[in-house]
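The values are calculated or read from the model by the stated rules, or taken from the named source; none is laboratory data. For clarity, every value in this text was computed on a predicted model and none was experimentally measured. Here the Cβ positions follow ideal geometry from the backbone for every residue, glycine too, while neighbour counts run over all protein chains shown.
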Amino acid sequence: MSTWQATMAALTALAAAVAGFAALSLAVDRHWEALHGRGSDPGPLRRRLQGGGSAGLLVSLLACIALKGSAQGWVAWAGMLTAGAFVVVLMSTYAPAKVPPLAKAMAGVALVAGLLAAL
Amino acid sequence: MKEGFRQSMAWLHTWSGLLVGWLLFLVFSAGTAAYFRDEITLWMKPELHAAAHASVPQTAALGHAQALLAQRAANANRWFITMPSEREPAVRASWMPAKKKDGAESKPRGRRRFESAELDPVTGAELSAPRATRGGDFFYRLHFDLHYMSPLWARWMVGIAAMFMLVAILSGIVTHKRIFKDFFTFRPAKGQRSWLDAHNVTAVLALPYHLMITFTGIVTLMFLYMPWGVQALYPSQDKFFTDLNNALPADAKPARQPAPLAPLAPMLAQASAAWEGAPVGRVTVNFPGDANATVLISRQSGRAIGYDQPTMLFNGVSGRPLSSSGAPGAATETRSVLYGLHIARFSNPLLRGLFFLSGLAGCAMVATGLLLWAVKERQKHAKALARGERHVGLRLVDGLNIGAIAGVPIAMAAFFWANRLLPATMPERPDAEIRWFFIAWGVAALIALARPSRRMWQLLLAVGGVLFALLPVLNAMTGGAHLGTAVAEGLWPVAGFDLVTLALGIALLFAARRLQRPAAVRKAPVTQVTAEAA
């Protein structure tokens, strides 16, 4: 794997972890209500947020394994999850309105970087 | 019954955490810094910042080292050559000087002083001897040997603290009722609520790391804590470690017949080829110039998680391979992987950065846990305290909290300042640097215990922040590669040190500033605490 590909794979792993956790956070009542008002409910969207969020974390794992192999990949994943979750916590606290755009932007970054790494 | 169980776990969590919290904070801080042990050492030897960074075939670098050792240490019993790596640009050649003529050893085995020289791998020129310093090794040792005390006692203390930590983590998981619901929750400026959130977030988000580092930390010293298996099978621990590390027996003897040492470079090439081209980390020559000379070559770390690296042994006179380490057994391999995970020498810069981040989260978890105890206790006795009554336990915990959480950054910064301000050639220099660490910490802790107040937090955090934030300036003014040149020349270990210390310093100053705000909160929220963790 070239340095370029490795950088792209690492970027994919981090962006997918941030996007995944951002989506998962929106499926939690407290954070959804922070955006859409007290008592509001994501309804059927909740399942999709959870599904999409989990998929993001899975993509992050695959990128880590592609980057560091099947042993160190898991170690890298644990670290990426920690880093990604901290980003989401800080965003939900200090800029909650930016969490949905963050999720979309990071999903886009993960997609592009993932394609670039695979090429 | 269930509620009873949870309550008893909460009690266990509180007291197992509080009793060893201050020691754990030191261990976590020093251990986290130790991830960048080599980088810290390089920063603390500004004489080496100018070393060439062009890569050169390992065989060439080894040739230079052999030439120097043959000239300088022909009579030594052992040579050790550490090959250059991405993290340590110079070749280090060290040797153990020969015994005195009468055969008596001045110090017990393992305590004799090594002598060493560092070479430019490209030209083979000896680098101007850098100032003597313990560098990052000080933090590494500090995090399990402590200091000014017997390492054996220290390791038992740290081991017991680690065991308490493991208990605190597991009971904490049971106590935390809303792990998933509060996964992303941090509510700042809400007093006790905020501290609990910060404690939960730093604990839960890096939970795999916290469990791993605590458990594997105990595993690294398992032969000390549980020696009985080894004692049952081996006459001595030395013999056991010789077996475990695939090293030469400690009682190997020279033939006392001179024989020229074969060139080392072809042996290195052979070993590297056997490891699919992986670079060599270390070359040990036993009895150079003797008919019984042997050469032990081990692989550079960075390939696999495991701590034990494969080795090859060569006859030093003929240059022929004698043996190579076979595949380790399951138990050896398990220990090797757990050990390797703890010290993370396999990591590339990305992984090391993630370990460092998780380590900071660990410091923050311990710090917020300690603060939480004080915040809760203060609330319990709010009325009595308002009447002006004194609460000795609370006052003590407050003082220790300030002394540890705000004091450790000051001590670390003082260590770095001493490195640059003490005369480069002063005798016993490494000990003097370490003395600065403890004097700075001692002073901070004493005044904190004397007046544990909000002003004291502010003062000490600000002092630590200024000392940390100015380290890049100090580096530039005392002969190191300053940020501009370090970045331009791709000297990332030095540039990274400056950038990270600058960021930590700013974070500490930010924390001190936040404390000025006369809000309902008594102390600073999460970002600051992460910073204090430095």
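Confirm whether A:LEU115 is surrounded by 15 or more Cβ atoms within 10 Å (Cβ to Cβ) and aliphatic (A, V, I, L, M). Here the answer is no, as A:LEU115 does not meet what is asked. Looking only at residues in segment B:402-438 that are within 30 Å of B:GLY17 (Cα to Cα) and either outside any helix (DSSP H, G or I) or not hydrophobic (A, V, I, L, M, F, W, C) (or both), the one that is nearest to the chain's Cα centre (by Cα) is B:PRO409.
Can B:ALA445 be described as part of a helix (DSSP H, G or I), among the hydrophobic types (A, V, I, L, M, F, W, C) and on the phi < 0 side of the Ramachandran plot? It is true that B:ALA445 is part of a helix (DSSP H, G or I), among the hydrophobic types (A, V, I, L, M, F, W, C) and on the phi < 0 side of the Ramachandran plot.
Out of B:PHE186, B:PHE241, one residue alone is assigned to a loop (DSSP other than H, G, I, E, B) and either at negative phi or among the small types (Gly, Ala, Ser) (or both). It is B:PHE186. Checked against the criterion of being within 11 Å of chain B (Cβ to nearest Cβ) and at pLDDT 95 or above, the candidates A:LEU90, A:LEU49 yield just one match: A:LEU90. Pairs linking a residue in segment B:65-76 that is of a type outside the set (S, T, N, Q) to a residue that is in a helix (DSSP H, G or I), with Cβ atoms under 9 Å and 6 or more positions apart or on different chains, are B:ALA65/B:LEU264; B:ALA76/B:LEU69. Taking the stated definitions as given, is B:ARG87 under 30 Å from B:GLY362 (Cβ atoms) and modelled with pLDDT under 90? Yes.
Hey, any hits in segment A:96-108 for a residue that's more than 7 Å from every other protein chain (Cβ to nearest Cβ), more than 21 Å from A:LEU24 (Cβ to Cβ) and without any contact (Cβ under 8 Å) to a residue 40 or more places away in the chain? Scanning segment A:96-108 turns up no residue that is more than 7 Å from every other protein chain (Cβ to nearest Cβ), more than 21 Å from A:LEU24 (Cβ to Cβ) and without any contact (Cβ under 8 Å) to a residue 40 or more places away in the chain.
Just one of the listed residues (B:GLY359, B:GLY369, B:GLY399) is within 14 Å of chain A (Cβ to nearest Cβ), under 29 Å from the mean Cα position of the chain (by Cα), assigned to a helix (DSSP H, G or I) and on the phi < 0 side of the Ramachandran plot, and it is B:GLY359. Checking the stated criteria, B:PRO254 turns out not to satisfy the condition of being at pLDDT below 80 and not in a helix (DSSP H, G or I). Being under 28 Å from B:ALA203 (Cβ atoms) and either within 13 Å of another protein chain (Cβ to nearest Cβ) or more than 13 Å from the chain's Cα centre (by Cα) (or both) is the requirement here; does A:GLY79 meet it? The answer is yes for A:GLY79.
Scanning segment B:181-196 for residues that are more than 7 Å from every other protein chain (Cβ to nearest Cβ), within 16 Å of A:LEU24 (Cβ to Cβ) and over 33 Å from the mean Cα position of the chain (by Cα) yields a total of 0.
Each row is one residue, and each column tells you yes or no for (1) surrounded by fewer than 19 Cβ atoms within 10 Å (Cβ to Cβ); (2) farther than 19 Å from B:PHE25 by Cβ; (3) touching a Cys at 6+ places or on another chain (Cβ under 8 Å); (4) among the basic types (Lys, Arg).
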residue	(1), (2), (3), (4)
B:ALA382	yes, yes, no, no
B:ARG387	yes, yes, no, yes
B:LEU400	no, no, no, no
B:GLY407	no, no, no, no
B:ARG420	no, yes, no, yes
B:PRO427	yes, yes, no, no
B:ASP431	yes, yes, no, no
B:GLY442	yes, no, no, no
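A quick yes/no check of all residues on (1) aliphatic (A, V, I, L, M); (2) in the same structural domain as B:ALA432 (by TED's automatic domain parsing):
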site: B:PHE144; (1), (2): no, yes
site: B:TYR148; (1), (2): no, yes
site: B:VAL167; (1), (2): yes, yes
site: B:PHE186; (1), (2): no, yes
site: B:GLN192; (1), (2): no, yes
site: B:THR220; (1), (2): no, no
site: B:VAL230; (1), (2): yes, no
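Within 30 Å of B:LEU19 (Cβ to Cβ), surrounded by 17 or more Cβ atoms within 10 Å (Cβ to Cβ) and within 29 Å of the chain's Cα centre (by Cα), is that true of B:VAL280? The answer is no for B:VAL280.
Starting from segment B:200-216, keep only residues that are under 19 Å from B:LEU370 (Cα atoms) and at the interface with chain A (Cβ under 10 Å from one of its Cβ atoms), then list their pairs with residues that are outside any helix (DSSP H, G or I) and of a type in the set (Phe, Trp, Tyr) whose Cβ atoms are within a distance under 6 Å, requiring at least 6 positions of separation or different chains. Listed pairs, sorted by first residue: B:VAL201/B:PHE186.
Of everything in segment B:288-314 that is free of Cβ contacts under 8 Å to residues at least 40 places away in the same chain and assigned to a strand (DSSP E or B), the residue that is farthest from A:GLY73 (Cα to Cα) is B:ASP290. When segment B:320-334 is limited to residues that are part of a helix (DSSP H, G or I) and touching a residue at least 24 places away in the same chain (Cβ under 8 Å), the one that is nearest to the other protein chains (Cβ to nearest Cβ) turns out to be B:GLU333.
From the list B:VAL285, B:VAL337, B:VAL317, exactly one residue is touching a residue at least 40 places away in the same chain (Cβ under 8 Å) and in contact with a helix residue (DSSP H, G or I) (Cβ under 9 Å, 6 or more places away or on another chain). Which is it?
Being touching a residue at least 40 places away in the same chain (Cβ under 8 Å) and in contact with a helix residue (DSSP H, G or I) (Cβ under 9 Å, 6 or more places away or on another chain) holds for just one of B:VAL285, B:VAL337, B:VAL317, which is B:VAL285.
Contact map, segment B:341-352: first residue more than 8 Å from every other protein chain (Cβ to nearest Cβ), second residue assigned to a helix (DSSP H, G or I), Cβ cut-off under 6 Å, separation 6 or more or different chains; pairs are B:HIS342/B:THR216; B:HIS342/B:GLY217; B:HIS342/B:THR220; B:ALA344/B:PHE355.
Candidates in segment A:85-97 are the residues that are out of contact with any Ser or Thr (no Cβ under 7 Å at 6 or more places or on another chain) and among the small types (Gly, Ala, Ser); of these, the one that is farthest from B:SER194 (Cα to Cα) is A:ALA97.
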